[in-house]
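Below is one structure, written out as C-alpha coordinates, with a few remarks after it.
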Ligand code: ADP
Ligand code: MN
(Lines give C-alpha, C1' and ligand atoms only; values in the text may rest on other atoms or scores of the structure.)
(Ligands and ions follow the chains in the order given, each with its own letter.)
Protein backbone atom coordinates (compact mmCIF):
# COMPACT_ATOMS: atom_id res chain seq x y z
CA UNK A 1 0.00 0.00 0.00
CA UNK A 2 1.42 3.37 -0.94
CA UNK A 3 1.73 5.72 1.95
CA UNK A 4 0.71 9.21 1.06
CA UNK A 5 0.08 12.38 2.96
CA UNK A 6 -3.43 11.29 3.71
CA UNK A 7 -2.68 8.06 5.50
CA UNK A 8 -3.61 7.67 9.12
CA UNK A 9 -3.33 5.24 11.97
CA UNK A 10 -5.79 2.37 12.01
CA UNK A 11 -8.97 3.56 13.65
CA UNK A 12 -9.60 0.68 15.96
CA UNK A 13 -6.43 0.75 18.01
CA UNK A 14 -8.24 -0.10 21.22
CA UNK A 15 -10.33 2.32 23.26
CA UNK A 16 -9.11 5.72 22.12
CA UNK A 17 -8.13 8.58 24.41
CA UNK A 18 -10.89 10.83 25.57
CA UNK A 19 -10.26 13.51 22.96
CA UNK A 20 -11.41 11.10 20.30
CA UNK A 21 -14.98 11.92 21.09
CA UNK A 22 -14.15 15.54 20.29
CA UNK A 23 -12.19 14.82 17.17
CA UNK A 24 -14.10 16.22 14.22
CA UNK A 25 -12.61 13.60 11.89
CA UNK A 26 -13.56 10.64 13.99
CA UNK A 27 -17.07 9.27 14.33
CA UNK A 28 -18.90 10.63 17.33
CA UNK A 29 -18.72 7.98 19.99
CA UNK A 30 -19.52 8.24 23.65
CA UNK A 31 -16.83 7.01 26.00
CA UNK A 32 -18.20 6.42 29.44
CA UNK A 33 -15.79 7.30 32.20
CA UNK A 34 -15.86 4.95 35.12
CA UNK A 35 -16.12 6.66 38.47
CA UNK A 36 -15.22 4.86 41.65
CA UNK A 37 -13.74 6.29 44.86
CA UNK A 38 -10.34 4.97 43.85
CA UNK A 39 -10.67 6.80 40.58
CA UNK A 40 -11.60 10.06 42.24
CA UNK A 41 -8.54 9.86 44.41
CA UNK A 42 -6.27 8.93 41.58
CA UNK A 43 -3.73 11.50 40.58
CA UNK A 44 -3.44 9.80 37.25
CA UNK A 45 -7.09 10.42 36.56
CA UNK A 46 -6.76 14.05 37.57
CA UNK A 47 -4.01 14.48 35.03
CA UNK A 48 -6.04 12.75 32.39
CA UNK A 49 -9.04 14.91 33.08
CA UNK A 50 -6.96 18.03 32.82
CA UNK A 51 -5.54 16.86 29.54
CA UNK A 52 -9.01 16.14 28.31
CA UNK A 53 -10.11 19.61 29.23
CA UNK A 54 -7.17 21.15 27.45
CA UNK A 55 -7.93 19.13 24.40
CA UNK A 56 -11.52 20.17 24.53
CA UNK A 57 -10.41 23.79 24.58
CA UNK A 58 -8.17 23.35 21.55
CA UNK A 59 -9.83 20.59 19.59
CA UNK A 60 -8.53 21.69 16.21
CA UNK A 61 -4.92 21.20 17.31
CA UNK A 62 -5.67 17.61 18.14
CA UNK A 63 -7.63 17.12 15.01
CA UNK A 64 -4.83 18.37 12.84
CA UNK A 65 -2.29 16.11 14.45
CA UNK A 66 -4.41 12.98 14.44
CA UNK A 67 -6.79 13.54 11.57
CA UNK A 68 -7.26 10.86 8.97
CA UNK A 69 -4.98 12.55 6.48
CA UNK A 70 -1.89 12.58 8.65
CA UNK A 71 0.50 9.80 9.46
CA UNK A 72 1.52 9.35 13.07
CA UNK A 73 5.24 9.94 12.64
CA UNK A 74 5.02 12.55 10.00
CA UNK A 75 2.93 15.22 11.62
CA UNK A 76 2.01 17.71 8.99
CA UNK A 77 0.05 20.79 9.86
CA UNK A 78 -0.47 21.90 6.30
CA UNK A 79 -4.05 20.65 6.61
CA UNK A 80 -4.68 23.46 9.09
CA UNK A 81 -3.43 25.96 6.62
CA UNK A 82 -5.42 24.38 3.85
CA UNK A 83 -8.58 24.38 5.87
CA UNK A 84 -8.02 27.97 6.92
CA UNK A 85 -7.50 28.92 3.31
CA UNK A 86 -10.65 27.11 2.31
CA UNK A 87 -12.65 28.94 4.96
CA UNK A 88 -11.11 32.24 3.93
CA UNK A 89 -11.95 31.52 0.31
CA UNK A 90 -15.52 30.65 1.24
CA UNK A 91 -15.78 33.89 3.23
CA UNK A 92 -14.32 35.92 0.38
CA UNK A 93 -16.75 34.38 -2.06
CA UNK A 94 -19.70 35.28 0.10
CA UNK A 95 -18.33 38.79 0.45
CA UNK A 96 -18.01 39.08 -3.31
CA UNK A 97 -21.48 37.72 -3.88
CA UNK A 98 -22.79 40.44 -1.57
CA UNK A 99 -20.80 43.05 -3.51
CA UNK A 100 -22.28 41.76 -6.73
CA UNK A 101 -25.77 42.01 -5.35
CA UNK A 102 -25.18 45.60 -4.28
CA UNK A 103 -23.65 46.43 -7.63
CA UNK A 104 -26.73 45.09 -9.34
CA UNK A 105 -29.05 46.99 -7.05
CA UNK A 106 -27.29 50.28 -7.70
CA UNK A 107 -26.92 49.81 -11.42
CA UNK A 108 -30.37 48.48 -12.17
CA UNK A 109 -31.10 48.84 -15.89
CA UNK A 110 -28.96 51.93 -16.28
CA UNK A 111 -26.73 52.07 -19.36
CA UNK A 112 -23.96 53.63 -17.33
CA UNK A 113 -22.88 51.41 -14.49
CA UNK A 114 -20.44 51.45 -11.65
CA UNK A 115 -18.28 48.50 -10.75
CA UNK A 116 -16.98 47.26 -7.41
CA UNK A 117 -14.48 45.07 -9.22
CA UNK A 118 -11.54 46.56 -7.33
CA UNK A 119 -13.11 45.74 -3.98
CA UNK A 120 -13.54 42.05 -4.70
CA UNK A 121 -11.63 39.62 -2.56
CA UNK A 122 -11.46 36.73 -4.97
CA UNK A 123 -9.71 37.66 -8.14
CA UNK A 124 -11.46 36.21 -11.20
CA UNK A 125 -8.39 34.09 -11.90
CA UNK A 126 -8.34 32.67 -8.38
CA UNK A 127 -11.92 31.67 -8.56
CA UNK A 128 -12.27 28.21 -9.94
CA UNK A 129 -15.37 27.39 -7.99
CA UNK A 130 -17.25 24.77 -9.91
CA UNK A 131 -20.54 26.18 -8.78
CA UNK A 132 -20.24 29.47 -10.57
CA UNK A 133 -18.13 28.42 -13.49
CA UNK A 134 -19.33 29.34 -16.94
CA UNK A 135 -19.77 26.47 -19.31
CA UNK A 136 -17.14 26.21 -21.95
CA UNK A 137 -18.53 27.24 -25.26
CA UNK A 138 -18.00 25.46 -28.48
CA UNK A 139 -15.99 28.09 -30.29
CA UNK A 140 -16.68 26.64 -33.71
CA UNK A 141 -20.27 27.81 -33.53
CA UNK A 142 -20.00 30.70 -31.19
CA UNK A 143 -23.16 32.72 -31.76
CA UNK A 144 -21.68 35.74 -30.04
CA UNK A 145 -18.69 35.97 -32.29
CA UNK A 146 -18.69 39.24 -34.27
CA UNK A 147 -17.87 39.14 -37.95
CA UNK A 148 -14.20 39.49 -38.70
CA UNK A 149 -13.27 42.98 -39.87
CA UNK A 150 -12.37 43.28 -43.52
CA UNK A 151 -8.61 43.11 -43.78
CA UNK A 152 -6.49 45.63 -45.53
CA UNK A 153 -4.45 44.01 -48.30
CA UNK A 154 -0.66 43.95 -48.26
CA UNK A 155 -0.29 47.09 -50.30
CA UNK A 156 -1.71 48.98 -47.34
CA UNK A 157 -4.82 50.57 -48.85
CA UNK A 158 -8.12 49.70 -50.44
CA UNK A 159 -10.41 51.60 -52.75
CA UNK A 160 -9.66 53.99 -55.57
CA UNK A 161 -9.21 57.72 -56.04
CA UNK A 162 -10.74 59.76 -53.27
CA UNK A 163 -12.41 56.67 -51.73
CA UNK A 164 -9.01 55.27 -50.85
CA UNK A 165 -8.70 53.91 -47.30
CA UNK A 166 -5.30 53.16 -45.82
CA UNK A 167 -4.46 50.82 -42.96
CA UNK A 168 -3.96 53.88 -40.80
CA UNK A 169 -7.54 54.94 -41.23
CA UNK A 170 -8.88 55.81 -37.80
CA UNK A 171 -12.26 54.13 -38.23
CA UNK A 172 -10.86 50.90 -39.69
CA UNK A 173 -8.14 50.79 -37.07
CA UNK A 174 -10.56 51.41 -34.25
CA UNK A 175 -12.84 48.60 -35.39
CA UNK A 176 -9.91 46.28 -35.83
CA UNK A 177 -8.70 47.03 -32.31
CA UNK A 178 -12.12 46.22 -30.94
CA UNK A 179 -12.19 42.92 -32.78
CA UNK A 180 -8.71 42.07 -31.53
CA UNK A 181 -9.92 42.18 -27.96
CA UNK A 182 -11.27 38.72 -28.68
CA UNK A 183 -7.75 37.42 -28.43
CA UNK A 184 -7.49 38.34 -24.77
CA UNK A 185 -7.97 35.60 -22.24
CA UNK A 186 -11.60 34.54 -22.10
CA UNK A 187 -11.92 35.63 -18.46
CA UNK A 188 -10.78 39.12 -19.33
CA UNK A 189 -13.84 41.26 -19.25
CA UNK A 190 -14.04 43.59 -22.22
CA UNK A 191 -17.71 44.37 -21.97
CA UNK A 192 -19.98 43.96 -24.96
CA UNK A 193 -17.90 46.16 -27.23
CA UNK A 194 -17.04 43.25 -29.52
CA UNK A 195 -20.61 42.90 -30.65
CA UNK A 196 -21.12 46.55 -31.60
CA UNK A 197 -19.55 49.09 -33.88
CA UNK A 198 -17.08 50.35 -31.32
CA UNK A 199 -13.90 52.08 -32.39
CA UNK A 200 -11.05 51.77 -29.97
CA UNK A 201 -8.10 54.14 -30.28
CA UNK A 202 -4.64 52.59 -30.51
CA UNK A 203 -3.67 54.08 -27.19
CA UNK A 204 -6.61 52.60 -25.33
CA UNK A 205 -6.17 49.26 -27.07
CA UNK A 206 -2.50 49.04 -26.16
CA UNK A 207 -3.17 49.83 -22.54
CA UNK A 208 -5.86 47.16 -22.42
CA UNK A 209 -3.62 44.64 -24.13
CA UNK A 210 -0.85 45.26 -21.64
CA UNK A 211 -3.20 44.75 -18.77
CA UNK A 212 -4.72 41.61 -20.25
CA UNK A 213 -1.32 40.02 -20.75
CA UNK A 214 -0.06 40.77 -17.28
CA UNK A 215 -3.25 39.28 -15.83
CA UNK A 216 -2.74 36.18 -17.94
CA UNK A 217 0.79 35.77 -16.63
CA UNK A 218 -0.47 36.18 -13.08
CA UNK A 219 -3.06 33.53 -13.67
CA UNK A 220 -0.47 31.17 -15.16
CA UNK A 221 1.76 31.59 -12.11
CA UNK A 222 -1.09 30.81 -9.74
CA UNK A 223 -1.99 27.80 -11.80
CA UNK A 224 1.53 26.47 -11.77
CA UNK A 225 1.56 26.57 -7.98
CA UNK A 226 -1.67 24.63 -7.79
CA UNK A 227 -0.49 21.91 -10.17
CA UNK A 228 2.65 21.50 -8.13
CA UNK A 229 0.87 20.92 -4.88
CA UNK A 230 -1.50 18.47 -6.57
CA UNK A 231 1.39 16.25 -7.55
CA UNK A 232 2.77 16.34 -4.03
CA UNK A 233 -0.38 15.61 -2.13
CA UNK A 234 -1.99 13.09 -4.51
CA UNK A 235 -5.26 15.01 -4.41
CA UNK A 236 -5.94 18.72 -4.81
CA UNK A 237 -7.27 20.85 -1.97
CA UNK A 238 -10.82 20.79 -3.25
CA UNK A 239 -10.86 17.02 -3.34
CA UNK A 240 -9.36 16.96 0.14
CA UNK A 241 -12.16 19.18 1.33
CA UNK A 242 -14.72 16.82 -0.23
CA UNK A 243 -13.06 13.92 1.58
CA UNK A 244 -12.90 15.85 4.85
CA UNK A 245 -16.60 16.52 4.55
CA UNK A 246 -17.36 12.84 4.08
CA UNK A 247 -15.47 12.03 7.26
CA UNK A 248 -16.90 15.02 9.06
CA UNK A 249 -20.47 14.06 8.28
CA UNK A 250 -19.90 10.66 9.81
CA UNK A 251 -20.39 8.87 6.52
CA UNK A 252 -16.82 7.65 6.65
CA UNK A 253 -14.98 6.77 9.81
CA UNK A 254 -11.44 7.28 8.60
CA UNK A 255 -9.58 7.37 5.33
CA UNK A 256 -6.64 5.10 5.92
CA UNK A 257 -4.51 5.40 2.82
CA UNK A 258 -4.05 5.06 -0.87
CA UNK A 259 -4.58 1.73 -2.62
CA UNK A 260 -3.69 2.76 -6.12
CA UNK A 261 -2.55 5.76 -8.11
CA UNK A 262 -3.29 5.39 -11.77
CA UNK A 263 -3.13 7.80 -14.63
CA UNK A 264 -6.78 8.68 -14.38
CA UNK A 265 -7.65 8.00 -10.79
CA UNK A 266 -6.44 7.63 -7.24
CA UNK A 267 -8.15 5.02 -5.08
CA UNK A 268 -8.24 5.26 -1.27
CA UNK A 269 -9.32 2.84 1.40
CA UNK A 270 -11.68 4.03 4.11
CA UNK A 271 -13.61 2.58 6.99
CA UNK A 272 -17.31 3.22 6.68
CA UNK A 273 -19.00 5.44 9.22
CA UNK A 274 -22.29 5.05 10.97
CA UNK A 275 -24.46 7.69 9.35
CA UNK A 276 -26.47 6.20 6.54
CA UNK A 277 -26.87 8.20 3.34
CA UNK A 278 -30.21 8.11 1.60
CA UNK A 279 -31.26 5.13 3.64
CA UNK A 280 -28.24 3.09 2.57
CA UNK A 281 -26.07 1.38 5.12
CA UNK A 282 -22.42 2.27 4.63
CA UNK A 283 -20.27 -0.83 4.07
CA UNK A 284 -17.71 -1.45 6.82
CA UNK A 285 -14.89 -0.86 4.35
CA UNK A 286 -15.06 1.48 1.36
CA UNK A 287 -12.97 2.28 -1.69
CA UNK A 288 -12.91 5.93 -2.75
CA UNK A 289 -12.11 6.48 -6.40
CA UNK A 290 -11.02 10.02 -7.08
CA UNK A 291 -11.03 10.82 -10.77
CA UNK A 292 -8.11 13.10 -11.52
CA UNK A 293 -9.15 16.56 -12.47
CA UNK A 294 -5.76 17.99 -13.24
CA UNK A 295 -4.13 15.63 -15.65
CA UNK A 296 -5.20 15.55 -19.21
CA UNK A 297 -5.01 11.78 -19.60
CA UNK A 298 -8.75 11.74 -20.01
CA UNK A 299 -8.36 13.34 -23.39
CA UNK A 300 -7.31 9.94 -24.76
CA UNK A 301 -10.52 8.45 -23.56
CA UNK A 302 -12.83 10.99 -25.15
CA UNK A 303 -13.95 8.46 -27.70
CA UNK A 304 -15.63 6.31 -25.07
CA UNK A 305 -17.87 9.05 -23.83
CA UNK A 306 -18.18 11.33 -26.84
CA UNK A 307 -19.87 8.66 -28.87
CA UNK A 308 -21.92 7.25 -26.05
CA UNK A 309 -25.35 8.51 -27.00
CA UNK A 310 -26.40 8.57 -23.35
CA UNK A 311 -23.95 11.42 -22.85
CA UNK A 312 -23.78 12.79 -26.36
CA UNK A 313 -26.04 15.79 -25.97
CA UNK A 314 -24.18 16.93 -22.92
CA UNK A 315 -20.66 16.34 -24.10
CA UNK A 316 -20.16 19.28 -26.43
CA UNK A 317 -21.42 21.75 -23.86
CA UNK A 318 -19.07 20.71 -21.10
CA UNK A 319 -15.78 21.99 -19.81
CA UNK A 320 -13.01 19.52 -18.92
CA UNK A 321 -13.85 19.48 -15.23
CA UNK A 322 -17.41 18.51 -15.95
CA UNK A 323 -16.31 15.85 -18.40
CA UNK A 324 -14.25 14.25 -15.66
CA UNK A 325 -17.25 14.31 -13.36
CA UNK A 326 -19.12 12.55 -16.09
CA UNK A 327 -16.62 9.70 -15.98
CA UNK A 328 -17.38 9.25 -12.32
CA UNK A 329 -21.08 9.43 -13.06
CA UNK A 330 -20.70 6.85 -15.79
CA UNK A 331 -18.88 4.47 -13.48
CA UNK A 332 -21.66 4.87 -10.94
CA UNK A 333 -24.44 4.13 -13.46
CA UNK A 334 -22.60 1.16 -14.90
CA UNK A 335 -21.88 -0.31 -11.47
CA UNK A 336 -25.53 0.08 -10.54
CA UNK A 337 -26.64 -1.79 -13.65
CA UNK A 338 -24.20 -4.57 -12.84
CA UNK A 339 -25.31 -4.71 -9.24
CA UNK A 340 -28.91 -5.06 -10.36
CA UNK A 341 -27.96 -7.97 -12.59
CA UNK A 342 -26.20 -9.68 -9.70
CA UNK A 343 -22.70 -9.41 -11.15
CA UNK A 344 -20.08 -9.34 -8.37
CA UNK A 345 -18.79 -5.75 -8.37
CA UNK A 346 -18.33 -2.89 -5.91
CA UNK A 347 -21.56 -1.46 -4.60
CA UNK A 348 -22.01 2.27 -5.07
CA UNK A 349 -22.23 4.21 -1.81
CA UNK A 350 -22.25 7.80 -3.02
CA UNK A 351 -21.05 10.03 -5.82
CA UNK A 352 -19.86 13.56 -5.06
CA UNK A 353 -18.58 15.45 -8.05
CA UNK A 354 -15.53 13.49 -9.26
CA UNK A 355 -15.33 11.30 -6.16
CA UNK A 356 -17.04 7.92 -6.15
CA UNK A 357 -17.38 5.98 -2.91
CA UNK A 358 -18.08 2.28 -3.24
CA UNK A 359 -17.75 -0.87 -1.20
CA UNK A 360 -14.25 -2.20 -0.78
CA UNK A 361 -13.39 -5.56 -2.36
CA UNK A 362 -10.93 -7.05 0.09
CA UNK A 363 -10.55 -7.18 3.82
CA UNK A 364 -8.77 -5.33 6.63
CA UNK A 365 -7.45 -2.65 4.31
CA UNK A 366 -5.92 -5.25 1.99
CA UNK A 367 -7.48 -5.04 -1.44
CA UNK A 368 -8.35 -8.27 -3.20
CA UNK A 369 -5.57 -9.21 -5.63
CA UNK A 370 -5.99 -8.64 -9.34
CA UNK A 371 -6.37 -11.80 -11.39
CA UNK A 372 -2.96 -11.11 -12.89
CA UNK A 373 -1.32 -11.19 -9.45
CA UNK A 374 -2.94 -14.26 -7.96
CA UNK A 375 -1.90 -17.87 -8.50
CA UNK A 376 -4.97 -20.03 -8.76
CA UNK A 377 -5.23 -23.78 -8.68
CA UNK A 378 -6.27 -25.41 -11.95
CA UNK A 379 -9.69 -25.94 -10.53
CA UNK A 380 -10.13 -22.30 -9.47
CA UNK A 381 -8.76 -21.12 -12.79
CA UNK A 382 -11.41 -23.12 -14.62
CA UNK A 383 -14.09 -21.90 -12.23
CA UNK A 384 -12.98 -18.30 -12.77
CA UNK A 385 -13.11 -18.75 -16.54
CA UNK A 386 -16.69 -20.01 -16.62
CA UNK A 387 -17.73 -17.34 -14.18
CA UNK A 388 -16.28 -14.65 -16.42
CA UNK A 389 -17.93 -16.11 -19.51
CA UNK A 390 -21.20 -15.97 -17.66
CA UNK A 391 -20.58 -12.41 -16.40
CA UNK A 392 -19.69 -11.17 -19.88
CA UNK A 393 -22.98 -12.55 -21.18
CA UNK A 394 -24.93 -11.00 -18.32
CA UNK A 395 -23.15 -7.71 -18.85
CA UNK A 396 -24.06 -7.73 -22.53
CA UNK A 397 -27.60 -9.04 -22.30
CA UNK A 398 -28.93 -7.87 -18.96
CA UNK A 399 -26.93 -4.69 -18.44
CA UNK A 400 -26.65 -3.81 -22.13
CA UNK A 401 -22.98 -3.04 -21.55
CA UNK A 402 -19.56 -3.89 -22.88
CA UNK A 403 -16.82 -3.52 -20.25
CA UNK A 404 -14.35 -2.08 -22.79
CA UNK A 405 -11.30 -2.49 -20.53
CA UNK A 406 -11.70 -6.07 -19.44
CA UNK A 407 -8.51 -7.89 -18.61
CA UNK A 408 -6.76 -9.59 -15.71
CA UNK A 409 -5.95 -6.06 -14.46
CA UNK A 410 -9.57 -5.15 -13.81
CA UNK A 411 -10.78 -8.40 -12.28
CA UNK A 412 -10.23 -9.06 -8.59
CA UNK A 413 -10.20 -12.47 -6.91
CA UNK A 414 -12.09 -12.32 -3.66
CA UNK A 415 -14.16 -14.82 -1.67
CA UNK A 416 -13.48 -17.55 -4.18
CA UNK A 417 -14.87 -15.64 -7.13
CA UNK A 418 -14.08 -12.94 -9.69
CA UNK A 419 -15.23 -9.35 -9.17
CA UNK A 420 -15.40 -6.84 -12.00
CA UNK A 421 -14.16 -3.30 -11.39
CA UNK A 422 -13.22 -0.17 -13.34
CA UNK A 423 -16.26 0.38 -15.53
CA UNK A 424 -16.12 4.14 -16.14
CA UNK A 425 -15.31 3.49 -19.79
CA UNK A 426 -17.94 0.79 -20.32
CA UNK A 427 -20.36 1.48 -23.16
CA UNK A 428 -23.52 0.06 -24.61
CA UNK A 429 -23.03 -2.49 -27.39
CA UNK A 430 -24.50 -0.11 -29.99
CA UNK A 431 -21.79 2.47 -29.26
CA UNK A 432 -20.07 3.18 -32.62
CA UNK A 433 -17.08 1.13 -31.44
CA UNK A 434 -18.90 -1.08 -28.96
CA UNK A 435 -18.35 -4.36 -30.80
CA UNK A 436 -14.67 -3.60 -31.38
CA UNK A 437 -14.30 -3.00 -27.64
CA UNK A 438 -16.07 -6.28 -26.96
CA UNK A 439 -13.74 -8.10 -29.32
CA UNK A 440 -10.73 -6.64 -27.55
CA UNK A 441 -12.17 -7.73 -24.18
CA UNK A 442 -12.67 -11.23 -25.58
CA UNK A 443 -9.11 -11.35 -26.84
CA UNK A 444 -7.74 -10.40 -23.41
CA UNK A 445 -9.87 -12.95 -21.62
CA UNK A 446 -9.17 -15.79 -24.08
CA UNK A 447 -5.46 -15.21 -24.07
CA UNK A 448 -5.26 -15.02 -20.30
CA UNK A 449 -7.11 -18.28 -19.74
CA UNK A 450 -5.56 -20.15 -22.62
CA UNK A 451 -2.12 -19.25 -21.29
CA UNK A 452 -3.36 -20.14 -17.81
CA UNK A 453 -4.00 -23.70 -18.98
CA UNK A 454 -7.80 -23.75 -19.16
CA UNK A 455 -8.37 -26.28 -21.93
CA UNK A 456 -12.05 -25.37 -22.26
CA UNK A 457 -11.33 -21.68 -22.92
CA UNK A 458 -12.92 -20.54 -26.19
CA UNK A 459 -10.80 -18.60 -28.62
CA UNK A 460 -11.52 -14.89 -28.94
CA UNK A 461 -13.88 -15.27 -31.92
CA UNK A 462 -15.90 -18.04 -30.30
CA UNK A 463 -16.06 -16.05 -27.10
CA UNK A 464 -17.25 -12.98 -28.98
CA UNK A 465 -20.12 -14.94 -30.54
CA UNK A 466 -20.95 -16.62 -27.27
CA UNK A 467 -21.22 -13.27 -25.50
CA UNK A 468 -22.96 -11.24 -28.18
CA UNK A 469 -25.18 -13.98 -29.58
CA UNK A 470 -23.98 -12.91 -33.03
CA UNK A 471 -22.98 -15.49 -35.51
CA UNK A 472 -19.92 -14.13 -37.24
CA UNK A 473 -18.47 -17.01 -39.19
CA UNK A 474 -15.12 -15.61 -40.36
CA UNK A 475 -12.40 -18.02 -39.34
CA UNK A 476 -9.57 -15.53 -39.18
CA UNK A 477 -9.04 -12.37 -37.19
CA UNK A 478 -8.87 -9.93 -40.10
CA UNK A 479 -12.15 -11.00 -41.69
CA UNK A 480 -13.79 -11.26 -38.29
CA UNK A 481 -12.85 -7.71 -37.46
CA UNK A 482 -14.03 -6.51 -40.85
CA UNK A 483 -17.44 -8.04 -40.18
CA UNK A 484 -17.59 -6.37 -36.79
CA UNK A 485 -16.84 -3.02 -38.34
CA UNK A 486 -19.46 -3.60 -41.02
CA UNK A 487 -22.07 -4.26 -38.34
CA UNK A 488 -21.07 -1.11 -36.49
CA UNK A 489 -21.32 0.87 -39.68
CA UNK A 490 -24.74 -0.53 -40.43
CA UNK A 491 -25.89 0.65 -37.06
CA UNK A 492 -24.41 4.11 -37.57
CA UNK A 493 -26.07 4.42 -40.98
CA UNK A 494 -29.31 3.46 -39.39
CA UNK A 495 -28.86 6.23 -36.83
CA UNK A 496 -28.14 8.70 -39.62
CA UNK A 497 -31.24 7.71 -41.56
CA UNK A 498 -33.71 6.99 -38.81
CA UNK A 499 -32.35 8.96 -35.89
CA UNK A 500 -32.38 5.96 -33.60
CA UNK A 501 -30.22 3.02 -32.79
CA UNK A 502 -30.82 -0.65 -33.25
CA UNK A 503 -31.38 -2.07 -29.83
CA UNK A 504 -29.56 -5.25 -30.74
CA UNK A 505 -27.33 -6.39 -33.53
CA UNK A 506 -28.17 -9.24 -35.79
CA UNK A 507 -25.91 -10.83 -38.34
CA UNK A 508 -27.95 -13.74 -39.60
CA UNK A 509 -30.25 -12.04 -42.06
CA UNK A 510 -33.09 -11.46 -39.62
CA UNK A 511 -34.56 -7.98 -39.70
CA UNK A 512 -32.80 -5.84 -37.10
CA UNK A 513 -34.69 -5.15 -33.92
CA UNK A 514 -35.35 -1.47 -33.27
CA UNK A 515 -35.48 0.30 -30.00
CA UNK A 516 -38.92 1.91 -29.75
P1 LIG B 1 -7.88 2.75 -12.85
O2 LIG B 1 -8.68 3.45 -13.88
O3 LIG B 1 -6.87 3.62 -12.19
O4 LIG B 1 -7.33 1.43 -13.34
P5 LIG B 1 -9.49 1.11 -11.08
O6 LIG B 1 -10.96 1.29 -10.86
O7 LIG B 1 -9.08 -0.08 -11.88
O8 LIG B 1 -8.94 2.46 -11.69
O9 LIG B 1 -8.80 1.08 -9.67
C10 LIG B 1 -7.41 0.97 -9.53
C11 LIG B 1 -7.05 -0.10 -8.51
O12 LIG B 1 -7.62 0.22 -7.26
C13 LIG B 1 -7.60 -1.45 -8.88
O14 LIG B 1 -6.72 -2.15 -9.69
C15 LIG B 1 -7.77 -2.12 -7.53
O16 LIG B 1 -6.56 -2.69 -7.11
C17 LIG B 1 -8.10 -0.96 -6.64
N18 LIG B 1 -9.55 -0.84 -6.45
C19 LIG B 1 -10.42 -0.08 -7.16
N20 LIG B 1 -11.67 -0.22 -6.71
C21 LIG B 1 -11.61 -1.06 -5.67
C22 LIG B 1 -12.58 -1.62 -4.77
N23 LIG B 1 -13.86 -1.30 -4.84
N24 LIG B 1 -12.15 -2.47 -3.83
C25 LIG B 1 -10.85 -2.79 -3.74
N26 LIG B 1 -9.90 -2.32 -4.54
C27 LIG B 1 -10.26 -1.47 -5.50
MN1 MN C 1 -8.06 -0.45 -13.65
Taking the condition of being over 26 Å from the mean Cα position of the chain (by Cα) and away from ligand 1 (no atom under 14 Å from the Cβ), how many residues in the stretch 393-416 meet it? 5
Just one of (1) under 27 Å from residue 241 (Cα atoms); (2) surrounded by 15 or more Cβ atoms within 10 Å (Cβ to Cβ); (3) modelled with pLDDT of 70 or more trips up residue 127, so point out which. (3)
Every residue in the stretch 270-303 that is at pLDDT 85 or above and more than 16 Å from ligand 2 (Cβ to nearest atom), please. 270, 271, 272, 273, 274, 281, 282, 283, 284, 285, 286
Anything in the stretch 250-275 that is more than 9 Å from ligand 1 (Cβ to nearest atom) and part of a loop (DSSP other than H, G, I, E, B)? List them, or say none. 250, 251, 273, 274, 275
For the stretch 445-465, does any single residue satisfy the condition of being within 16 Å of ligand 2 (Cβ to nearest atom) and either farther than 15 Å from residue 343 by Cα or at pLDDT 95 or above (or both)? yes
Quick test for you: out of 356, 395, pick the one residue that is outside the structural domain of residue 265 (by the TED database) and more than 18 Å from residue 454 (Cβ to Cβ). 395
Those residues of the stretch 334-358 which are crowded, with 23+ Cβ neighbours inside 10 Å and part of a loop (DSSP other than H, G, I, E, B) amount to 345, 346, 354
Checked against (1) near ligand 1 (Cβ under 10 Å from one of its atoms); (2) farther than 17 Å from residue 446 by Cα; (3) under 21 Å from the mean Cα position of the chain (by Cα), residue 427 satisfies every condition except (1)
Test: residue in the stretch 249-265 that is more than 16 Å from ligand 2 (Cβ to nearest atom), free of Cβ contacts under 8 Å to residues at least 40 places away in the same chain and assigned by the TED database to the domain that holds residue 349: yes
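Pick from 356, 351, 376: which is in contact with a strand residue (DSSP E or B) (Cβ under 8 Å, 6 or more places away or on another chain) and within 16 Å of ligand 2 (Cβ to nearest atom)?
The conditions single out 356.
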Restricting the stretch 359-373 to residues that are within 16 Å of ligand 2 (Cβ to nearest atom) and under 17 Å from residue 258 (Cα atoms), the residue that is surrounded by the most Cβ atoms within 10 Å (Cβ to Cβ): 360
Would you pick out the residues in the stretch 404-419 that are within 12 Å of ligand 2 (Cβ to nearest atom) and either more than 17 Å from residue 443 (Cβ to Cβ) or surrounded by 24 or more Cβ atoms within 10 Å (Cβ to Cβ) (or both)? 406, 411, 412
Any chance residue 422 is within 15 Å of ligand 2 (Cβ to nearest atom) and on the phi > 0 side of the Ramachandran plot: yes
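The values are calculated or read from the model by the stated rules, or taken from the named source; none is laboratory data. Quantities reported herein were computed from a predicted structural model and do not represent experimental measurements. Quick reminder, even Gly has a Cβ in these numbers, built from the backbone with ideal geometry, and neighbours come from all protein chains shown.
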